[in-house]
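Working notes for the structure below.
The values are calculated or read from the model by the stated rules, or taken from the named source; none is laboratory data. What you are looking at is a predicted structure, and each value in this text was computed from that prediction instead of being measured. Here the Cβ positions follow ideal geometry from the backbone for every residue, glycine too, while neighbour counts run over all protein chains shown.
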Amino acid sequence: MKKLSVAVIGTGSIVSGGYLPALAKHPSVNVVALCDSVVERAKLLADEYGIPRVLGTPENVLNLSDLNAVLVCTPNHLHAPQTCKALEAGKHVLVVKPMALSPEEGEAMVETARKAGKTLMVGLSYRFHPHTQYMKRFVDSGDLGEIYYTKASWLRRKGNPGGWFTRKALAGGGPLIDLGVHLIDTIWYLLGKPSCLSATGSTYGKMNGHSSTLSAGYRSADVKEGLDGGKEYDVEDLACGFLRFANGVTLIMDTSFALHTKADAHDVEIFGTKGGGKLYPAEVYCDLHGTPADIAPVLPKVSNQELEVAEFVDSILQEKPSMCPGEDGLAVLKMIDALYRSSHVGQEVAVSD
Ligand SMILES: NC(=O)c1ccc[n+]([C@@H]2O[C@H](COP(=O)([O-])OP(=O)(O)OC[C@H]3O[C@@H](n4cnc5c(N)ncnc54)[C@H](O)[C@@H]3O)[C@@H](O)[C@H]2O)c1
């Protein structure tokens with residue numbers, strides 16, 4: 001079987017906890033190099049997984065002659081430049097979400113991939129979640145009827161990841177661009193990717209500092225290793241929004257790094273004329289023989305990254321479009337950008353296609 005030679009740029013929390021175990025498990029992948037500006041971090045992982053090369057700069061990765069593909073897993077502000085350079089060097093790229101800081105950067109990435117004739121996949125991980133896939137089958141089969149209303153919420157009471165995640169210049173924003181990208185994408189994907197017409201958003205930064213004393217939860221590798229106190233904070237800590245789609249569907253969403261709410265929650269809900277559903281975990285609500293009934297499926301536990309890496313590998317080896325092309329990452333980025341713009345101007349704004 002043909003194998004892909006893959007390198008990973010950025011070896012922080014999501015790589016050690018998600019992407020690297022997934023790559024190591026895949027029978028058609030050879031991880032040939034890890035790269036991180038904190039070289040010791042990459043070296044520890046390389047030793048653990050038996051990976052031959054550790055590099056401190058992405059340029060040296062792209063010079064490797066035996067390399068087919070690159071995973072870009074660095075802080076958000078590096079996604080566009082590192083992805084474009086890798087594509088121009090003739091490598092296929094899986095870039096983690098959010099694909100970039102702005103739609104302009106996202107457009108440049110899509111265009112660079114097109115010119116290079118290489119795969120650009122965006123890590124829209126929650127599409128792969130078995131519970132999302134279960135719900136997708138209900139939507140696509142028409143079992144829920146016409147979907148007209150959706151809600152998505154990812155609230156953390158005291159849960160900013162610290163480090164670069166709380167610096168606007170490096171992250172592009174707070175929970176809206178970090179967690180909201182998954183919320184919006186999951187709904188948009190379930191709905192069959194309708195065109196988004198308009199956005200109304202509000203963002204708040206009322207709790208700065210409150211959220212920086214994390215004891216648990218998702219954290220940047222720098223914070224975990226004590227290299228960064230995660231105290232600098234100029235992103236929003238709450239965002240809420242209202243999106244209107246061309247097919248008449250509405251999405252209401254909210255997401256926080258810090259909020260005086262009782263408990264952390266990650267809920268995605270869709271409502272149709274024949275049934276409704278809720279994620280995570282998946283539940284379906286319908287009427288069976290005239291009586292309200294709830295369906296609670298028993299689904300396998302598989303990491304999103306395992307399924308995502310498998311899709312990336314298949315798309316390259318089988319020369320087929322991936323389930324999360326750059327264009328989809330860009331569409332989601334445009335909705336996020338519109339929510340931020342709306343918050344800035346204090347009124348509804350159009351979302352450009
Ligand atoms: N798909 C998902 O569900 C998911 C989950 C978590 C994070 N992410 C995304 O993954 C990315 C990384 O997140 P994380 O939590 O791993 O962050 P992290 O801070 O833990 O890791 C980032 C790593 O990049 C390294 N780095 C920084 N600048 C570099 C450079 N110029 N060259 C090489 N390496 C460099 C850092 O040293 C660090 O090790 C983010 O864009 C985040 O949004 C995706």
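Points to keep in mind about this one:
- Exactly one residue out of P27, P98, P21 is of a type outside the set (A, V, I, L, M, F, W, C), at pLDDT 95 or above and either away from the ligand (no atom under 15 Å from the Cβ) or in contact with a Gly (Cβ under 6 Å, 6 or more places away or on another chain) (or both), and it is P27.
- Checking segment 169-177 against the condition returns no match, with no residue being in a strand (DSSP E or B), within 12 Å of the ligand (Cβ to nearest atom) and closer than 30 Å to D228 by Cα.
This table checks each residue for (1) within 16 Å of the ligand (Cβ to nearest atom); (2) surrounded by 19 or more Cβ atoms within 10 Å (Cβ to Cβ); (3) outside any loop (DSSP other than H, G, I, E, B).
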position	(1), (2), (3)
K85	yes, yes, yes
G90	no, no, no
G106	yes, yes, yes
K115	no, no, yes
D140	no, no, yes
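- Which listed residue is among the hydroxyl-bearing types (S, T, Y), within 16 Å of the ligand (Cβ to nearest atom), in contact (Cβ under 8 Å) with a residue 12 or more places away in the chain and under 30 Å from S5 (Cα atoms), from S303, S315: S303
- In segment 117-133, the residues that are in contact with a Phe, Trp or Tyr (Cβ under 7 Å, 6 or more places away or on another chain) and in a strand (DSSP E or B): M121
- Flag if A7 is in contact (Cβ under 8 Å) with a residue 60 or more places away in the chain and crowded, with 16+ Cβ neighbours inside 10 Å: yes
- Criterion (in contact with a strand residue (DSSP E or B) (Cβ under 9 Å, 6 or more places away or on another chain), surrounded by 23 or more Cβ atoms within 10 Å (Cβ to Cβ), closer than 23 Å to G217 by Cα and among the hydroxyl-bearing types (S, T, Y)) met by exactly one of T150, T74: T74
- Residues of segment 30-44 satisfying the condition of being of a type in the set (G, A, S), near the ligand (Cβ under 8 Å from one of its atoms) and buried (at least 18 other Cβ atoms within 10 Å of the Cβ): A42
- Strands (runs of 3 or more DSSP E) wholly inside segment 274-353 that include at least 3 residues being over 26 Å from A239 (Cα atoms) and out of contact with any Pro (no Cβ under 7 Å at 6 or more places or on another chain): 283-288, 291-295
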